[in-house]
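First comes the structure, then the notes that go with it.
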Amino acid sequence: MESPTLIAGAGLAGLACAHQLKSDYLLIEKADTVGGVARSFERNGFLFDCTGHWLHLRDPYIKEWVKELLPEGMLEISRRSEIYSHQVRTLYPFQANTYGLPEAVVKECVDGYFAAREKYGDGKNTEAKTFEDFILQRMGEGIAKHFMVPYNSKLWTVHPKEMLAKWCDRFVPTPEPDDVLRGSKPPDGNIKALGYNTTLLYPKAGGIGTLSQRMATSLNEKPRLQTTLTKIDWQTTKASLNNQDEVGYQSLVSTLPLPVLVGLLNDPPEDVQQAAARLRCASVTYWDVGVAGENNPEDAHWTYFPEAHLPFYRVGSASAAFAYSAPEAHRSYYVETSHPRGTPCPHDEEAILNGLRQVGYLSANEEPLFMQRSTIDYAYVIMDKHYGQARATIHDWLGTQNIYSVGRYGDWRYDSMEGAMLQGIDCARKILETP
Ligand SMILES: Cc1cc2nc3c(=O)[nH]c(=O)nc-3n(C[C@H](O)[C@H](O)[C@H](O)COP(=O)(O)OP(=O)(O)OC[C@H]3O[C@@H](n4cnc5c(N)ncnc54)[C@H](O)[C@@H]3O)c2cc1C
């Protein structure tokens, strides 16, 4: 069999690539449904995404396209997110909302911020090489100690000093002096929402998976499900599917995790193999929890947990944001833990339950109706000191072979759903422009 373009993976990047190509492609997906990480599942009358999946759209083309895909409109939700530490809940982001924490902690955070400000100004003209430098220069030692370092160490599974700072500007909000001061005092009713995701969009029905499903049904050539890319002979430009069928391609678009793609290549160059071995990633093991009894009206949509004595780094409640995700008079949580990829999750169900009781999601004797554990094997790409060089070595070589590795894990970066869609579209444009 021959296909001008073979697209592996019908997550958002693969679907967007197929949409833009319009024809002359074969889109394959190993799962029995499309969407990748942007899928939704029904469990006992509850609806869950793969943890929280909220849309925040910035690109005009994607905004228009999403409107076409979801003509019924979307729910528009103002973010309600919190941090739990020192047995207190404060508003997100921590760096601009310390009021309510023990006084000594607030003082350390505020004094540390102003000391950093004196030394580095607004930090925008100083070079932050590592994520830790970024934190210390933009927020100071107190905020680093009480939130940024412990939380990020838990999420990424490595200390911020092991990570580069390049990605931080967009995703980590830097507060202004006024924000830090105001946030350290009793609320004056004048809350300024900081960060890139202050307003969130979400399908009116069916969870985030509705977006992926609509993308798939709008394609001219439908994805072939339960079809796994199993081997790539790049010298003869032939790919094996399910270890049996062979497809010849002119261009191959892979949205598989970059090291997985390299593992499928028949005898790739030595430096490419070595580079792939240096790519690191954190896995996320999470529990979907269904509980009888409804949310409190002021429940956060999600909460961050920096302290090491609690097993989870974040707990979200879809039912606190949109009632349709849980049966009437019920509520749901997703509970996220992180661990280095290739190592087992160190937490069991009992530790999760104890944690949920400790922070008040469940009362002392309350039992959930069910808890369902899942793992996202490749969840958070770790941008460490090898990241740039290793990634470039692989992409540069793939580029010489008409192999495009795109999407959050294909490109190997920290990115959003919109980012994955944009990457799929850009890749298709490049293919269409290639003579
Ligand atoms: C925990 C978590 C929370 C997130 N929350 C948000 C959020 O709130 N908002 C936001 O904008 N973004 C969020 N994201 C990011 C977002 O999910 C991703 O950017 C996006 O979904 C990635 O899409 P993708 O197509 O690049 O990759 P994927 O979704 O991973 O798609 C790759 C596809 O390839 C398939 N595949 C794998 N191997 C093979 C094979 N050998 N053959 C064929 N098919 C194969 C997989 O089954 C999958 O369907 C979150 C990500 C995570 C991990």
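Of the residues D188, D178, the single one that is modelled with pLDDT under 90 and either surrounded by fewer than 19 Cβ atoms within 10 Å (Cβ to Cβ) or among the hydroxyl-bearing types (S, T, Y) (or both) is D188. R170 fulfils the conditions (1) in a loop (DSSP other than H, G, I, E, B); (2) exposed (fewer than 15 other Cβ atoms within 10 Å of the Cβ) except for a single criterion, (1). Out of the residues in the stretch 29-54 that are among the polar types (S, T, N, Q) and under 23 Å from T337 (Cβ atoms), state the one that is surrounded by the fewest Cβ atoms within 10 Å (Cβ to Cβ). The selected residue is N44.
Tell me yes or no: at least one residue of the stretch 103-123 is touching a residue at least 40 places away in the same chain (Cβ under 8 Å) and in contact with a strand residue (DSSP E or B) (Cβ under 6 Å, 6 or more places away or on another chain). Taking every residue of the stretch 103-123 in turn, none turns out to be touching a residue at least 40 places away in the same chain (Cβ under 8 Å) and in contact with a strand residue (DSSP E or B) (Cβ under 6 Å, 6 or more places away or on another chain). The listed residues are A104, A116, and the only one of them that is in contact with a helix residue (DSSP H, G or I) (Cβ under 9 Å, 6 or more places away or on another chain) and either exposed (fewer than 13 other Cβ atoms within 10 Å of the Cβ) or not assigned by TED's automatic domain parsing to the domain that holds A16 (or both) turns out to be A116. Within the stretch 385-409, residues that are part of a strand (DSSP E or B) have Cβ atoms under 8 Å from residues that are among the charged types (D, E, K, R) and within 16 Å of the ligand (Cβ to nearest atom) in these pairs: S405/D411, counting only partners at least 6 apart in sequence or on another chain.
Total residues in the stretch 1-32 satisfying the condition of being of a type in the set (D, E), in contact with a Ser or Thr (Cβ under 9 Å, 6 or more places away or on another chain) and within 17 Å of K231 (Cα to Cα): the figure is 1. Every condition in (1) away from the ligand (no atom under 11 Å from the Cβ); (2) part of a loop (DSSP other than H, G, I, E, B) is met by T210 except one, and the failing one is (2). If you take the residues in the stretch 216-249 that are more than 30 Å from V66 (Cβ to Cβ) and polar (S, T, N, Q), which one is nearest to the ligand (Cβ to nearest atom)? Per the criteria, the residue is T230. Scanning the stretch 83-92 for residues that are part of a loop (DSSP other than H, G, I, E, B) and either in contact with an Asp or Glu (Cβ under 9 Å, 6 or more places away or on another chain) or assigned by TED's automatic domain parsing to the domain that holds S416 (or both) yields H86, Y92.
The values are calculated or read from the model by the stated rules, or taken from the named source; none is laboratory data. Since this is a predicted model, take the numbers as computed values, not measurements. Positions of Cβ are generated from backbone atoms using ideal geometry, with glycine treated the same way; all protein chains shown enter the neighbour counts.
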